[in-house]
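J.: Below: one structure in structure tokens.
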Amino acid sequence: MSRPDGPLPRPFRTAARRWVLPAVVAVTAATLSWGGPAGADSDPSGLTGAIDTILGDPRTEGGAASVVVADARTGETLYQHDPTGRLTPASNTKLATSAAAMGLLGPGYTFTTDVLADGRVRGGELRGDLYLRGTGDPTTLAADYDELAARVAAAGVRKVDGRLVADDTRFDHQRIGDTWGGDDESSYYAAQISALTVAPDTDYDSGTVIVEVKPGARAGDRPVVSVTPKTSYVRLDVRARTGAAGGDGTLAVERQHGTNTITVSGTVPAGADPAQEWVTVWEPTGYAASVFRAALAAHGVRVTGATRLGRAAPAGAKALATHRSMPLKDLLVPFMKLSNNMHAESLIKAMGYKATGRPGSWGDGTAAVAGYLKGVGVDATKIRQVDGSGLSRKDNFAARQIADLLLKVRSEPWFADWYASLPVACDPARFVGGTLRSRMCGTPAALNARGKTGSLTGASALSGYVKDADGRELVYSVVQNNYLVDSVKPLEDAIVVTLAKSTAKEASAVLPKSTRAVPAAERDGDLECSWRKPATC
């Protein structure tokens, strides 16, 4: 998911985070060998023969692939393989979501979070309810709620003789996307979506808390467990123990269904580095209200009434404080570089609200995306999109429509910002290289190819832009489904590297070496590498 010129509004964290083995094998120079032409000095079949050779790899047996390559300037199709075959695109869905958001909401679009008073303030006392109103900002940090609370105190409010009401009515109350896996409920990449939420970090993983587990001093000791941000909204059920130094850890951190009880079980070896896990909360509106209420108390503002969720602020309520998010063109960086699902879903619902005036929903949002695609000349009738992120198995795209989108957006006035948000092959910076930062290194595609990755179990995609050896810019889209091997990403990379080393007159296949088999203990579905917080992707 290159970084826009100039400083970003907030200090995006670049430190890598990891405590479990990744389920996806990273395609790096160590596991992938880039050779010369496959079998001859040149391929007499040209680009078609080269890519067909790669797609003939045994790893594709029994699977499906849709591939399109085009000249970015002229739009001429240079290669296609089942171009209209609709497949599960995984996070390539975010290409449509992000482009439509830039087109419909605009690169300067911001989310706002407001604090409003429904009543008069006299002598430091608000006689009425205090409202916290959100519009879907997925980047709101605990520090932002603290700043809002400080402004309420600065406005002279010391006591609220009423309730704290969390107004999340900008979005509907469907929290989970269509066909999202139930076994992903506590996984941070499948957090519940609300118009009010909290992100615990500057990756902006909204709707989650970070649970940190430090081993005790000796084997058998209870580990030290903490939560970021510090909140009473979740309850820790610590059953874990410290294991022997140098031993294998068996730590598991999971939230119980329908609750905010997080169970920490297993063992963490003595002397080991602290382990961290990002865990979703149940009902993010309540999470935001809880964090804000605690911030009010810290600033000397006492709320006497209870917290109420889901009620709209009255039209006559007076604004006491407002927080505004970074503009969309900057939000694209953490969104696309790290393939952040919650950002995609907040934008989908924001587009749905803008299009209809109704509470933002997945149905209205995806309809707005389809309208945008039709407007720029992409045949949206050949697409099925039910969410913004691609986490749903119902999403269906063909490489033809993805390639058409990549071609059409080049003429948009905001294209430079959108293009900059795409991950860059082999750029090690986390917010530049993103999910491609350890792929295609040592090849002509390194620091050349840009693209959006996509990964679910049995579904993989890579689509974007690359310059060939003549300096000609090409558009490519590779979508693969129904494979049984650990990963087909080496084949995606081989296609892009083949394009990078080709010329208009000559192309030859660059064949990948097989990646190692992934032990069963390391497998947890072929998901986006960034969703596992690995040191490298």
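J.: Limited to the stretch 212-251, what total is found for residues that are within 25 Å of residue 286 (Cβ to Cβ), of a type in the set (A, V, I, L, M, F, W, C) and either outside the structural domain of residue 270 (by TED's automatic domain parsing) or out of contact with any Pro (no Cβ under 9 Å at 6 or more places or on another chain) (or both)?
T.: 3
J.: Residue 517 - would you say it is modelled with pLDDT under 95, over 28 Å from residue 105 (Cα atoms), out of contact with any strand residue (DSSP E or B) (no Cβ under 7 Å at 6 or more places or on another chain) and not in a loop (DSSP other than H, G, I, E, B)?
T.: Here the answer is no, as residue 517 does not meet what is asked.
J.: Mind listing just one residue for me: the one in the stretch 433-490 that is of a type in the set (Lys, Arg) and in a loop (DSSP other than H, G, I, E, B) and, of those, nearest to residue 339 (Cα to Cα)?
T.: Step by step, filter the stretch 433-490, then rank; the result is 437.
J.: Please specify each residue of the stretch 414-428 satisfying the condition of being within 17 Å of the chain's Cα centre (by Cα) and in a loop (DSSP other than H, G, I, E, B).
T.: Selection gives 421, 422, 423.
J.: Across the stretch 364-408, what is the number of residues that are β-branched (Val, Ile, Thr), within 21 Å of the chain's Cα centre (by Cα) and not in a loop (DSSP other than H, G, I, E, B)?
T.: Matching residues across the stretch 364-408 total 3.
J.: Separate question: Hey, can you tell me all the residues within the stretch 272-313 that are surrounded by fewer than 15 Cβ atoms within 10 Å (Cβ to Cβ) and farther than 19 Å from residue 126 by Cα?
T.: 273, 274
J.: Next question, about the same structure. Cβ-Cβ under 7 Å, sequence separation 6+ or interchain: first residue in the stretch 392-407 and crowded, with 23+ Cβ neighbours inside 10 Å, partner of a type in the set (Asp, Glu). Which pairs?
T.: 395/387; 401/379
J.: State all residues of the stretch 200-231 that are among the basic types (Lys, Arg), more than 16 Å from residue 263 (Cβ to Cβ) and not in a strand (DSSP E or B); if no residue qualifies, say none.
T.: Correct list: 218, 230.
J.: Out of everything in the stretch 136-149 that is out of contact with any helix residue (DSSP H, G or I) (no Cβ under 8 Å at 6 or more places or on another chain) and in a helix (DSSP H, G or I), what residue ends up being farthest from residue 343 (Cα to Cα)?
T.: Here the answer is 147.
J.: What is the number of the single condition among (1) outside the structural domain of residue 500 (by TED's automatic domain parsing); (2) at positive phi; (3) buried (at least 17 other Cβ atoms within 10 Å of the Cβ) that residue 389 does not meet?
T.: That leaves (2) as the condition not met.
J.: Here's another thing I want to ask about it. So, in the stretch 482-514, how many residues would count as being β-branched (Val, Ile, Thr) and either modelled with pLDDT under 90 or more than 26 Å from the chain's Cα centre (by Cα) (or both)?
T.: Qualifying residue count, the stretch 482-514: 3.
J.: While we're here: Can you name every residue in the stretch 46-92 that is in contact with a strand residue (DSSP E or B) (Cβ under 7 Å, 6 or more places away or on another chain), of a type in the set (D, E, K, R), in a loop (DSSP other than H, G, I, E, B) and farther than 22 Å from residue 381 by Cβ?
T.: 73, 76, listed by residue number.
J.: Considering only the stretch 161-193, how many residues are within 30 Å of residue 315 (Cα to Cα) and charged (D, E, K, R)?
T.: The qualifying residues number 7.
J.: Scan the stretch 261-287 for residues that are among the hydrophobic types (A, V, I, L, M, F, W, C) and touching a Phe, Trp or Tyr at 6+ places or on another chain (Cβ under 6 Å) and jot them down. Steps first, please.
T.: So in the stretch 261-287, the residues among the hydrophobic types (A, V, I, L, M, F, W, C) come out as 262, 264, 268, 270, 272, 275, 278-279, 281-282.
Across the stretch 261-287, the qualifying residues are 275, 278, 281.
J.: Is it true that some residue in the stretch 461-481 is buried (at least 19 other Cβ atoms within 10 Å of the Cβ), at pLDDT below 95 and over 25 Å from residue 76 (Cα atoms)?
T.: For the stretch 461-481, residues buried (at least 19 other Cβ atoms within 10 Å of the Cβ), at pLDDT below 95 and over 25 Å from residue 76 (Cα atoms): absent.
The values are calculated or read from the model by the stated rules, or taken from the named source; none is laboratory data. If you're wondering where the values come from, they're calculated on a predicted model, not measured in any experiment. FYI the Cβ positions are ideal-geometry reconstructions off the backbone, even for glycines, and counts take in every protein chain you see.
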